[in-house]
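> Dropping a structure here in structure tokens format, bear with me for questions.
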Amino acid sequence: MIVQALKWVGGIDGFLELIDQRRLPAEFVKLQCRSIEQLFESIKTLAVRGAPAIGVSAAYGLVLAMQKLKPADGLEEGLKVLIESAEYLASSRPTDENLSCELERIRKSEEEFVAGQPEATVQELREVALAEANAIYREDVDMCRRIGQNGERFIKKDAGILTHCNAGALATAGEGTALSVMFEAHKNGKKFRVYADETRPLLQGARLTAWELKQARIDVTVICDNMAAYLMKQGRVDAVITGADRIAANGDTANKIGTYSLSILAREHGIPFYIAAPSSTFDLSIKSGAEIPIEQRPADEVTFFGDRRTVPEGVDIYNPAFDVTEAQDIAAIITERGVIEKPNAEAISGHLSDDSQDSR
Ligand code: MRU
């Protein structure tokens, strides 16, 4: 059974239930988010993480923010709270495009509602936000399933697949992106082995990807991040598949720090490198990866390993959370709409504007 990373409980006065991913795999604990401030903190500290899961959670975050509206408040006040809250949540993980995309989607649906029904109440405005957040959730589940189906063919029988960070069910509302491809291949009876990079500094690969794949009974082996080249040299890796946090118009892709070096290693060893991500991860407003903002994280994620300090006091730390893989090193981007082979600006724009593929 695939784990459910997040769930809205109740109606407009309800709350968002999250699996606290900071505590996995040692403890399986659920968190109840009842305010936008609590959700902001949960996103910032990676209790909920992974670009699509953050986007869906933030959509529900706006529903939480609007709970403070009083029935007597006007629509103008309702929209003001919504816009301010969206700006606040967008600042929590600046590299994540799904976050801005889903916040923008709620804002648009609310503005359209107000334009069409200027006499509506804030209660109705809140209902619209919840309905839209629920639609985003359902579409995310469907998107994951389609990505799995579209990418499954890239996993050959008896292959060794390397992945980085966690792009699984914990990172989405559904079955994941990169891991959905693996779950689908597994469902289809293919035998293969996954190498999960441990993914320093926060160990999403070791803690979360290994946990998910083990539950699904997929053969998984954890390696330290600095072992990938050696495995490739040994011929153990037939493909690399990762998720993405933001994809520029030319196909340059931001993902967890360390993904870029894997792409260069893959090129050097003649191994195909695939990105699995929904359409909502593309940011066509930026031309290339050089424009993607890279989130900087606190130093103590590097200076401590668990509770133990591993770096001398007073030493400078640099802790970027993401890096950018160049489009030229990506064999294909797998989306819910299909596959973009050898991604470039033209192929991406054609793929995203093909209405016959629209899932929304
Ligand atoms: O810092 P994180 O754990 O949120 O980083 C997550 C990743 O880099 C994932 O690969 C990406 O968000 C895709 S998740 C489907």
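> Would you calculate the separation in nanometres between label points at E37 and E124, each defined as 7 Å from the Cα along the Cα-to-beta-carbon direction?
Result: 3.2 nm between the two label points.
> Work through the residues other than R236 whose Cβ is under 14 Å from its Cβ and net out their charges, Lys, Arg +1 and Asp, Glu -1.
-1
> Roughly how tilted is helix 122-151, in degrees to the nearest 10 and between 0 and 90, from the longest Cα axis of the chain?
Between the helix axis and the principal axis of the chain, the angle is about 20 degrees.
> Please give the FRET efficiency for Q149 paired with K191, using the beta carbon to beta carbon distance and R0 = 22 Å, rounded to the nearest 0.05.
Computed FRET efficiency for Q149 and K191 comes out at 0.70.
> Pop out the Kirkwood hydrodynamic radius of segment 153-353 from its pairwise C-alpha distances, inverse of mean 1/r, in Å to one decimal.
17.2
> Grab the DSSP H runs of the chain that are 4 residues or longer, score each as -39,500 (n - 2.57), total them, divide by all residues and round the 222 nm result to the nearest 500 deg cm²/dmol.
It comes out at -11500 deg cm²/dmol, rounded to the nearest 500.
> Around A332, which amide H atoms from residues at least 5 apart in sequence, or from another chain, sit under 5 Å from its own amide H, with H modelled in the peptide plane?
F273, I275, K342
> Could you give the angle, 0 to 90 degrees to the nearest 10, between helix 51-65's Cα long axis and the longest principal axis of the Cα atoms of the chain?
The angle comes out at about 20 degrees.
> If you take the Cα Rg of segment 236-353 and divide it by 2.2 N^0.38 Å, with N the number of residues, what do you get?
Here the answer is 1.21, to two decimals.
> Which residue, A72, A347, A135, tops the fluctuation ranking in a GNM of the chain built on C-alpha contacts under 10 Å?
Result for the chain, Cα springs under 10 Å: A72 fluctuates most.
> If each Cα of the chain is one equal point scatterer, what is log10 of I(q)/I(0) from the Debye formula at q = 0.08 Å⁻¹?
-0.38
> Let me ask something else. So if R0 is 25 Å, what FRET efficiency would A299 and Y230 give, r being the distance between their Cβ atoms, rounded to the nearest 0.05?
It comes out at approximately 0.30.
> Using the alpha carbons of segment 6-146, what is the convex hull volume per residue in cubic angstrom, as a whole number?
Per-residue hull volume (Cα only) is 100 Å³.
> Related question: Within segment 153-353, how many Lys pairs that are eight or more residues apart, or on different chains, come under 13 Å at the alpha-carbon?
5
Taken together, the values in this text are just the output of simple stated rules run on the coordinates, not laboratory data. Keep in mind it's a predicted model, so treat the numbers as computed, not measured. Every residue, glycine among them, receives a Cβ derived from its backbone with ideal geometry; neighbour counts consider all protein chains shown.
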